[in-house]
2 protein chains.
Amino acid sequence: MTLEALVFDAYGTLFDVHAVIARCETFWPGRGAALSQLWRARQLEYSWQRSLMDRYAPFSAVTRDALDYACEALGLPLDETRARVLMDEYLNLAAYPDVPAALERLQRSGKKLAILTNGSPDMIEPLVKNRGMEKLFDAVLSVDAAWIYKPAPRVYTLAVDRLGVAAGAIGFVSANCWDALGAKSFGFRVFWINRAGAPVDRLGFQPDGILRTLGDLPGML
Amino acid sequence: MTLEALVFDAYGTLFDVHAVIARCETFWPGRGAALSQLWRARQLEYSWQRSLMDRYAPFSAVTRDALDYACEALGLPLDETRARVLMDEYLNLAAYPDVPAALERLQRSGKKLAILTNGSPDMIEPLVKNRGMEKLFDAVLSVDAAWIYKPAPRVYTLAVDRLGVAAGAIGFVSANCWDALGAKSFGFRVFWINRAGAPVDRLGFQPDGILRTLGDLPGML
């Protein structure tokens, strides 16, 4: 089936969540990488656990909770000012270097482009705007409309419903392998961006394509 | 409300999952701790992700998948023989030193005792038997009967249904904070065993009690 739309994960796929390391370093020299790693790990774990508990909270709240946990676990004193500065980093994450040119090329191909993200609207909308990417996307979709996180099928359904495109005609792109495989389980054609050379996650599915950078995608369609 | 039953998580709570490190070391000297850590992390992540994907697979399969992933990610060659030896370690995990005496003391208090575990019957039943603990428990319950993993409410419901005890009269004990808080969200009275001195996870709930070892529990009831 010809792909009519391409749907992209945001954090870790288009935008580098570990771009927060530099800011963490200014507060706690030498601890930025450890903090960023634990922060991101707990952010995702809380998203899965809250989903299974039927206790959805928006990703901005989950992200702040994970920051609080990570700082306490690492013994890094966090006050309101620092917390606000670090949370604001999420509104200004850098795009990966390969992303802007690849998106522009894909847009010229005439397919619909959309974001489908765990990020709540208060996080993702300012980020897309701050990066000057509003005109690249036909839709910016948040799991917040489904009150559950990836990789629940209800999340991927949002793209089908909002874009008006059948699942089999949607290409889904994520650098989070478990997200790509959740989308595959749902019925999308999926492309995993494997920037780090990691193994494929063992979740009973395989990606349809594995890319090193988003720049590889136009040539694979 | 007086507690009529005590329900225990198994892995990480009664049994030390990192007891596999020594066996890993015999295969890959110097890499045992890293392998054990990544193996356990992916085991849990796959349990959450598969639950959200509606793609339940038994914990024995998830554990083997996580082992395959972890070995590949760390560049450790895994053949069928080594895989079988490592998987068999799960049938012989050591109990934490504080566990046997505390369980015997709790049993003498007259409350029903049960295990409620992610482990599939093919994993947990041999383990309990090999550790000589069958007579301590009135029931050994597996999420396998619910086809979803912790912390989904359907899992905790198993204990209510099988023990015939109301949620509010069940004390739930776990060293996995997210599991304790999932049980709290469900309606149990929960005790978190915080052996490592970690912060409380930020999931919108607090444990009713925090223990350093299981030996602290009898004195708190």
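The values are calculated or read from the model by the stated rules, or taken from the named source; none is laboratory data. Values in this document were obtained by computation on a predicted structure and should not be read as measured data. Every residue, glycine among them, receives a Cβ derived from its backbone with ideal geometry; neighbour counts consider all protein chains shown. Each accessible area value is taken on the protein alone, full model and side chains, heavy atoms only, with ligands, DNA and RNA left out. Shrake-Rupley method; radii C 1.70, N 1.55, O 1.52, S 1.80 Å.
A few points about this structure:
- In terms of the mean number of neighbouring beta-carbon atoms within 10 Å, the peptides A:3-9, B:74-80 order highest first as A:3-9, B:74-80.
- Modelled label positions at B:Gln206 and A:Gln37, each set 7 Å beyond Cα in the direction of Cβ, lie 3.2 nm from each other.
- Computed about the Cα centre, the dipole magnitude for the stretch A:17-89 is approximately 120 debye when only Lys and Arg (+1) and Asp and Glu (-1) carry charge, each at its Cβ.
- Cα centroid separation, the stretch A:99-116 to the stretch A:149-207 (Å): 17 Å
- Taking one quarter of the surface of the convex hull spanned by the alpha-carbon atoms of chain B gives a direction-averaged projected area of 11.7 nm².
- Interchain or long-range residues, amide H under 5 Å from B:Phe15's placed H: B:Tyr96
- Remark: label point of B:Asp161 defined 7 Å out from Cα along the Cα-Cβ vector; separations to the same position in other copies 2.9 nm, ascending.
- Chain B and chain A together bury an accessible surface of about 2900 square angstrom, both sides counted, with a 1.4 Å probe and no ligands or nucleic acids included.
- Taking chain A and dividing mean pair separation by its residue count, relative contact order in percent (alpha carbons under 8 Å, at least six apart): 24 percent
- Diffusion coefficient (Stokes-Einstein, Kirkwood radius over C-alpha pairs, 25 °C, 0.890 mPa s) for the stretch A:17-89: 199 µm²/s, rounded to a whole number.
- For the stretch A:1-151, size of Cβ-based charge dipole, Lys and Arg +1, Asp and Glu -1, in debye: 300 debye
- Where labels lie 7 Å past Cα in the beta-carbon direction, separation of B:Arg154 and B:Asn92 in nm: 3.6 nm
- Kyte-Doolittle mean at least 0.0 and Cα axial length at least 15 Å: DSSP H helices in chain B: B:59-74, B:153-163
- Once C-alpha pairs closer than 8 Å and six or more residues apart are averaged by separation and normalised to the residue number of the stretch A:17-89, the relative contact order reads 32 percent.
- Of B:Lys112/B:Lys150; B:Lys135/B:Lys184; B:Lys129/B:Lys150; B:Lys150/B:Lys184, those spanning more than 19 Å from alpha-carbon to alpha-carbon: B:Lys112/B:Lys150; B:Lys135/B:Lys184; B:Lys129/B:Lys150
- Taking a point 7 Å from the Cα of B:Thr26 along the Cα-to-Cβ direction, the residues of the stretch B:61-89 with backbone N closer than 16 Å to it are B:79-89.
- Amide hydrogen proximity for A:Phe172: with H placed 1.01 Å from N in the peptide plane, the residues at 5 or more positions away or on another chain lying under 5 Å are A:Val7, A:Arg189, A:Val190, A:Phe191.
- All other residues whose Cβ lies under 9 angstrom from that of B:Gly204 are scored, Lys and Arg at +1 and Asp and Glu at -1, for a net of +2.
- The alpha carbon convex hull volume per residue for the protein assembly as shown rounds to 146 Å³.
- Panel note: contact residues of the stretch B:28-65 (accessible area lowered by at least 20 Å² against the chain on its own; 1.4 Å probe) correspond to B:Glu45, B:Tyr46, B:Trp48, B:Gln49, B:Arg50, B:Leu52, B:Met53, B:Arg55, B:Asp65.
- Using alpha carbons only, the radius of gyration of the stretch A:82-147 set against its Kirkwood radius gives Rg/Rh = 1.00.
- Charge dipole of the protein assembly as shown (Cα centre as origin; +1 on each Lys and Arg Cβ, -1 on each Asp and Glu Cβ, all else neutral): 120 debye, rounded to the nearest 20.
- Placed amide H near B:Ser142: partners under 5 Å, 5+ positions off or other chain: B:Thr117
- Carbon and sulfur %, accessible surface of the stretch A:109-221 computed with the full protein complex present, 1.4 Å: 49 percent
- With the simple model of a label 7 Å out from the Cα in the direction of the Cβ, B:Arg195 to A:Ala83 spans 3.1 nm.
- A 1.4 Å probe run over the stretch B:135-221, with the rest of the protein chains in place, finds 36 Å² accessible per residue.
- Across peptide A:201-211, the average count of Cβ atoms from other chains found within 10 Å of a residue's Cβ is 4.
- Global geometry of the stretch A:92-220, whether rounded, prolate or oblate, following the gyration tensor of its Cα atoms and the 1.5 cut on a/c: rounded
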